[in-house]
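Colleague: Just passing along the structure, written as structure tokens.
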Amino acid sequence: MAADTPVEMTVRWSGNEYKLTDLTSSNTVADLKSKIQNLTGVLPHRQKLLGLQYNGRPPEDDIQLGTLKLKPNLKIMMMGSREDVLAEMQEPPKNLSNLVNDFEMEDEEISIENREEHLAKIEKRVRDYNVTVLNPPRDGKKLLVLDIDYTLFDHKSVAERAEELMRPFLHEFLTAAYEDYDIVIWSATTMKWIEIKMKELGVTSHVNYRITFMLDYMAMISVHTPKYGVVKVKPLGVIWGKFSHWSAKNTIMFDDVRRNFLMNPQSGLKIRPFKSAHVNRSTDRELLELSKYLKVIAPLEDFGHLKHSHWERYKSKRKYNDIASTSSRSSSGRESRHSKDGNDHTPSHRNQEG
Ligand SMILES: [Mg+2]
């Protein structure tokens, strides 16, 4: 048997660090969790320990710390809530019905979004990733970030021409969106493929709209999540860090994969994937409907209050001041709050080229 040696590690939880000094290599993961409970009040079965692995997975409770081959002074992260906090969250909200929506965003997502190592990776992309601007951003335009595969294009079906796999209404959608938004393409593949696909679809050469720039997999970051393991995501912070006039206030991102939004859940709209193009080409209207939503929200000064998962409900209302009153925490200023001049900003009144 190996000698019993001291194990020191630091646990981060909820913004605080806790140093564990009285463990040894013969203590088990269960012992570790019980120490963490003493410090944080989080019950062992609620604790998710990130950065602790045994054969590539989270270790079982009976595994001894000595067998985990831990680095000296390891830092791990614990995710989990205390019972009193959980009980509080499960109580029905008083008075404010809007609060219910806030709980839809899982606490897991919030902590992933704010974790330092993830923010550091974004900073690195902001610094090192080279964006080739195809068409300069236009003054006053909001930002629309689009995935390609299954969003604009069915990349798995077989066809003779890319056009057969193109999502219906793609060019109409991009043309309408371009009135209010600068358009950025972001796909989890290489720039070479993105360029080929966009060219084949006739997107890069279209006369009614322009693509501002395109991002490939190199601009993505990997994050560690308890739910999905290590995944690659598309952090909008990379764009916001490079183009400071865009932020969560005026950016919206469409993707068929929800985890791509993990670093900015508020700004993502998960669309229905476009698959089996040959079957669905005649009935898919997703882009047509989404362009109505983009139009309806375009006059808002801050997208931060919107719940994009309700987009179909909002869209059917058609009037942006209705959206503002249903999504904002404040119910005042229904009529003209988001309109500087009080005029109706309908599409036909807007300047096409900005
Ligand atoms: Mg996709």
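Any read-out appearing in this document is the output of simple, stated calculations on the displayed coordinates, not a laboratory observation. The model shown is predicted, which means the values in this text are computed figures rather than measured ones. Cβ: placed from backbone, ideal geometry, glycine included. Neighbour counts: every protein chain shown.
Colleague: Between residue 275 and residue 74, take the C-beta separation as r, use R0 = 35 Å, and let me know the FRET efficiency to the nearest 0.05.
Modeller: Efficiency, from the Cβ-Cβ distance: 0.20.
Colleague: A follow-up question, please. Subtract the Cα-Cα distance of residue 55 and residue 312 from 0.36 nm times their separation in residues, and report this length gain in nm to one decimal.
Modeller: 88.1 nm is the gain from fully extending residue 55 to residue 312.
Colleague: Hey, got the dipole for the stretch 116-312? About the Cα centre, +1 on K and R Cβ, -1 on D and E Cβ, debye to the nearest 20?
Modeller: In debye, rounded to 20, the stretch 116-312 gives about 340.
Colleague: To continue, here is another question. What distance in nm lies between label points placed 7 Å from Cα along the C-beta direction at residue 4 and residue 117?
Modeller: For residue 4 paired with residue 117, the spin-label model returns 3.1 nm.
Colleague: What are the residues whose amide H is under 5 Å from the amide H of residue 215, where those residues sit 5 or more places off or on another chain and H is modelled from the backbone?
Modeller: So residue 215 has HN proximity to 185, 186, 187.
Colleague: Among 235, 222, 276, which residue has its Cα positioned farthest towards the positive end of the charge dipole of the stretch 116-312, with +1 placed on the Cβ of Lys and Arg, -1 on the Cβ of Asp and Glu, and the dipole taken about the Cα centre?
Modeller: Of the candidates, 222 comes out farthest on the positive side.
Colleague: Please compare each pair in 33/69; 142/199; 121/199; 121/292; 232/275; 199/275 to a cut-off of 29 Å on the Cα-Cα distance and tell me which ones are over it.
Modeller: Checking Cα-Cα distances, 121/199; 121/292 exceed 29 Å.
Colleague: Applying a 10 Å radius around every beta-carbon, put 41-50, 144-153 in order of their mean neighbour count, most first.
Modeller: The most tightly packed comes first, giving 144-153, 41-50.
Colleague: Return, ordered by residue number, the residues of the stretch 115-151 whose backbone nitrogen is under 11 Å from a label point located 7 Å along Cα→Cβ of residue 224.
Modeller: 117-118
Colleague: Separation between the residue 244 and residue 134 pseudo-spin-labels, each 7 Å from Cα along Cα→Cβ, expressed in nm?
Modeller: 2.8 nm
Colleague: At what distance in nm do the modelled label points of residue 127 and residue 38 sit from each other, each positioned 7 Å from its Cα along Cα→Cβ?
Modeller: Computed distance between label sites residue 127 and residue 38 equals 4.0 nm.
Colleague: Skipping prolines and chain starts, which residues have an amide H placed within reach, meaning under 5 Å, of the one on residue 23, given they are 5 or more residues away or on another chain?
Modeller: It is 7, by chain and number.
Colleague: With a 10 Å radius around each residue's Cβ, average the other Cβ atoms per peptide and rank 289-299, 192-202, highest first.
Modeller: Top to bottom by mean Cβ count within 10 Å: 289-299, 192-202.
Colleague: Taking H placed 1.01 Å from N in the peptide plane, check which residues at least 5 places from residue 221 or on another chain put their amide H under 5 Å from its amide H.
Modeller: Placed amide hydrogens put 233 under 5 Å from residue 221.
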